[in-house]
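In what follows, a single structure is set out as structure tokens and then discussed.
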Amino acid sequence: MVRLAHHEPNQHITVRPGLVEGLVRCLLKKSIRLRLLGCYVRNVKNAVLITAVFGFPQIVAAVETHCTKNETIVFSCRTGSKIVSVCASKTIASGSGYLQYRFGPKKKPELIYPENQLPSAKTNIQADTLTFAGGGGAYLRFKREEYGYVIYTAIGRGWGEKAGVVVERNNASQVNLPCKKPVVSELGPDFFEQAGILKDTLGFDIP
């Protein structure tokens, strides 16, 4: 048995190593989608457990987002005074639907890219997954002229979970804006394949 710190101060929970390893395998196989469904849980008790372990409660209604109720929240979190969101049409494929990066104060995004709601096949959006000791990650890169906006989620042994957005210029990192919890993320191979997003050719290192 191992003890892991809860996301609330001075509270701990006891977790079976096998459960944690199983969750990591599921993350790598499916997506970094810290959701209380599918292979993650089988009952309410496990739902509470996994929320405590990973610290990303999947109560979508509580997460601030630029996405509308008629869209899918692919990713969303607060990075301070600003909110970063990736929003998609309810149905999406390589030749239909859309995917947009939105960043700025609540209800007043300063940047929406692409400006037009275009299928991923007609945009400069790429994605990939990452694997490393004790975990894995996924990221989505929006290219806009010399700028890049890389949205990422990851979990790893020794440092736990990370999520946020890195702003690049000429393929070099300029600033990293880490998420404040809670975080919603659908990033992973299942979504990338469904949306027809091209595999990233530049690579990315989790900050």
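The values are calculated or read from the model by the stated rules, or taken from the named source; none is laboratory data. Worth saying up front: this structure is predicted, and the values here are computed from it rather than measured. Cβ: placed from backbone, ideal geometry, glycine included. Neighbour counts: every protein chain shown.
Here are the numbers for this structure:
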item	result
From Ile155, Ile151, residue being aliphatic (A, V, I, L, M), modelled with pLDDT of 95 or more and in contact with a strand residue (DSSP E or B) (Cβ under 9 Å, 6 or more places away or on another chain)	Ile151
Members of region 152-176 that are assigned to a strand (DSSP E or B) and among the hydrophobic types (A, V, I, L, M, F, W, C)	Ala154, Ile155, Ala163, Val165, Val166, Val167, Ala172, Val175
Selection from region 149-196 of residues that are free of Cβ contacts under 8 Å to residues at least 40 places away in the same chain and either of a type in the set (Val, Ile, Thr) or crowded, with 23+ Cβ neighbours inside 10 Å (or both)	Val167, Val175
Residue check, Arg102 among the basic types (Lys, Arg) and within 15 Å of the chain's Cα centre (by Cα)	yes
Among (1) among the aliphatic types (A, V, I, L, M); (2) over 14 Å from the mean Cα position of the chain (by Cα); (3) in a strand (DSSP E or B), the one test that Ala121 misses	(3)
Verdict on Lys143 being closer than 16 Å to Thr201 by Cα, assigned to a strand (DSSP E or B) and out of contact with any Lys or Arg (no Cβ under 9 Å at 6 or more places or on another chain)	yes
Matching option when the condition is in contact with a Pro (Cβ under 7 Å, 6 or more places away or on another chain) and not β-branched (Val, Ile, Thr), among Lys82, Lys107	Lys82
Per-region count, region 123-135, residues at pLDDT 95 or above, more than 16 Å from Ser94 (Cβ to Cβ) and crowded, with 22+ Cβ neighbours inside 10 Å	0
Selection within region 89-122 - out of contact with any strand residue (DSSP E or B) (no Cβ under 7 Å at 6 or more places or on another chain), polar (S, T, N, Q) and modelled with pLDDT of 90 or more	Thr91, Ser96, Asn116
